[in-house]
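Have a look at the structure below before the remarks.
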Amino acid sequence: MSEKTPITVAKGDGIGPEIMDATLHILEAAGARLEIEEVEIGEQVYLRGNPAGIEPSAWESLRRTKVFLKAPITTPQGGGYKSLNVTARTMLGLFANVRPCVSYAPFIKTKHPVMDVVIVRENEEDTYTGIEHRQTNDVVQCLKLISRPGCEKIVRYAFEYAKFNGRKKVTCFSKDNIMKMTDGLFHKVFDEIAAEYPEIENEHWIVDIGAAKMADTPENFDVIVMPNLYGDILSDVAAQIAGSVGLAGSANIGAQGAMFEAIHGSAPRRAGQNLANPSGLLLGAILMLVHIGQADVADKVHNAWLRTVEDGVHTYDIFKEGVSKEKVGTREFAEAVVARLGQKPETLKAVSYNAAAEPFKIPVASPSKIEEKKAVGVDVFLDYRAGTPNELGDQLAALGTDALKLSVITNRGARVYPGGVSETFVVDHYRARFLAAEGAAIDHAAIIALLTSVTGGGLDVIKTENLYTFDGQPGFPNIGLK
Ligand code: NAD
């Protein structure tokens, strides 16, 4: 137990150095067993011409320690700079973003005095892969990618997290009533994996009503797992309604490493004035202590912090006349926490982390079951503004081949041929579905022959999407026609 764990620390920009010094001071005073390697990240590194905001030598440290305690950085204005978080996420495979959102009433003002929610957000895929295109004059697209391994890793992580931390329920948010394939897969995998954890309650909400319920009665939620976009938005909502985004820490977890930080930014206007609240970074550091198996130190630091908050020793951002007792700066706040090490809160609930010798294993995806894939058609996307949908439909019907016949045309998903109505507002972006005869399979040559015919007819094909069945099940939603 006395062995020190190497970690990589970056003090970042703005208020970063002050809140990191405060955090490290508390960790050291609490007896955290850490061997710190400090690296430089952020604005100066960017401005020295490194578009990733981090030097190769810093990466070496990270690869070695696999644990990164990171203060916020300032991303310089202007283009060309890559988000350091995105780079770290990709390099370390950080697939899970974990954000506990807890209220501290009556000591910190909140409309939700009973709130202790952990948001587990998928961090690698969904609409965040940056695969976007302008396809026509009027239409741009963003690809939403959801993978089975991605769903398995994040959902299993949520259940393992719940099990390890004595949580009772895992809720899934998705929009699978609309995105039946992508969010449908997320929900399906959730149901499959939930069945392996009968001791943990599980439920699914469509994200809109789920989000409304979370914002209204957060006390009814425990752990919530969701795809990237919803998680990005709702983790900020959850942190804000708990009291303040300034008080939340987060963990980014992957098979190759983990990164811990505050969720706020570098607050440049507050920098260098001994004003900033170090709590977000400290709570991030507590998640790190649990991750590296130092639950004893995590308990000590967290309880001392709760006691400090409860004693009304507050930085300016949470100071409230009548509730707070003493307005302090960053350093004084840290000293107040140090002075309370070994104490527990009296009103707020004391924490007790799982002191298992080994924290739970980071889930890896199980090997995919390979299903038989058969091409049965193709969606041809067209840039078209020369005529009406009916004119386009008649033209495409005539350009179909023996192997692939026109089935239906949609414009932004709405069916416009056959049987379209003149009221439908259309843009210059059409999807024409061509299907093989029932039961027949097609090959690339058949698709190329179709495209040759369609483009030969003077139409502008902007992309195609092959239509497959997997073990006989369609890998595309039915759009209402054969
Ligand atoms: P911000 O989080 O830095 O500040 C928002 C507001 O909260 C400000 O009023 C600020 O004074 C206050 N605040 C934030 N943290 C505080 C703390 N610990 N104590 C007291 N008050 C605090 O957000 P912003 O102003 O939009 O961004 C500033 C810079 O931070 C930008 O360059 C942005 O790119 C960067 N940023 C970095 C990260 C990161 O490194 N993880 C995250 C978000 C923003």
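The values are calculated or read from the model by the stated rules, or taken from the named source; none is laboratory data. Note that the structure is a prediction, hence the values are computed from the model and not measured. For neighbour counting, all protein chains shown are included, and Cβ atoms are generated from backbone atoms with ideal geometry for every residue, glycine included.
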Problem set entry | Whichever residue in the range 237-249 is among the small types (Gly, Ala, Ser) and surrounded by fewer than 23 Cβ atoms within 10 Å (Cβ to Cβ) and, among such residues, is nearest to the ligand (Cβ to nearest atom) | GLY246
Problem set entry | Which listed residue is assigned by TED's automatic domain parsing to the domain that holds LEU69, of a type in the set (Ser, Thr, Tyr) and under 18 Å from ASP126 (Cβ atoms), from SER250, SER174, SER235 | SER250
Problem set entry | Checklist (1) surrounded by 15 or more Cβ atoms within 10 Å (Cβ to Cβ); (2) farther than 27 Å from PRO474 by Cβ; (3) touching a residue at least 60 places away in the same chain (Cβ under 8 Å) applied to ARG167, failing item | (3)
For this session: Give the range 395-420 a look and list any residue that's over 23 Å from PRO477 (Cα atoms) and surrounded by fewer than 15 Cβ atoms within 10 Å (Cβ to Cβ), or say none.
Result: ALA398, ASP402
Exercise. Considering only helices (runs of 4 or more DSSP H) fully contained in the range 5-97, which possess at least 3 residues that are within 16 Å of the ligand (Cβ to nearest atom) and free of Cβ contacts under 8 Å to residues at least 40 places away in the same chain?
Worked result: 43-47, 84-92
Exercise. Quick one: how many residues across the range 85-114 are under 24 Å from ILE253 (Cα atoms) and in contact with a Ser or Thr (Cβ under 7 Å, 6 or more places away or on another chain)?
Worked result: 4
For this session: For the range 315-346, name all the residues that are away from the ligand (no atom under 16 Å from the Cβ) and assigned to a helix (DSSP H, G or I).
Result: GLU335, VAL338, ALA339
Problem set entry | Residues that are within 22 Å of LEU24 (Cβ to Cβ), of a type outside the set (A, V, I, L, M, F, W, C) and touching a helix residue (DSSP H, G or I) at 6+ places or on another chain (Cβ under 8 Å), drawn from the range 71-92 | PRO72, THR74
Exercise. Can ASN303 be described as within 15 Å of SER103 (Cα to Cα), of a type outside the set (A, V, I, L, M) and in contact with a Lys or Arg (Cβ under 9 Å, 6 or more places away or on another chain)?
Worked result: yes
Seminar exercise, completed: Counted residues in the range 382-392 being assigned to a strand (DSSP E or B) and surrounded by fewer than 21 Cβ atoms within 10 Å (Cβ to Cβ) come to 1
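Here is a yes/no grid of residues against (1) more than 34 Å from the chain's Cα centre (by Cα); (2) over 30 Å from HIS133 (Cβ atoms); (3) of a type in the set (Asp, Glu):
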{"residue": "GLY329", "(1), (2), (3)": "no, yes, no"}
{"residue": "LEU348", "(1), (2), (3)": "no, yes, no"}
{"residue": "ASP379", "(1), (2), (3)": "no, no, yes"}
{"residue": "ASN390", "(1), (2), (3)": "yes, no, no"}
{"residue": "ALA403", "(1), (2), (3)": "yes, no, no"}
{"residue": "TYR417", "(1), (2), (3)": "yes, no, no"}
For this session: Look through GLY272, GLY284, GLY257, GLY312 and report the one residue that is more than 30 Å from the chain's Cα centre (by Cα) and either within 16 Å of ASN97 (Cα to Cα) or away from the ligand (no atom under 13 Å from the Cβ) (or both).
Result: GLY312
For this session: Within the range 411-440, count every residue that is part of a loop (DSSP other than H, G, I, E, B) and hydrophobic (A, V, I, L, M, F, W, C).
Result: 7
Exercise. Are any of the residues in the range 161-176 touching a Lys or Arg at 6+ places or on another chain (Cβ under 9 Å) and closer than 26 Å to ALA298 by Cα?
Worked result: yes
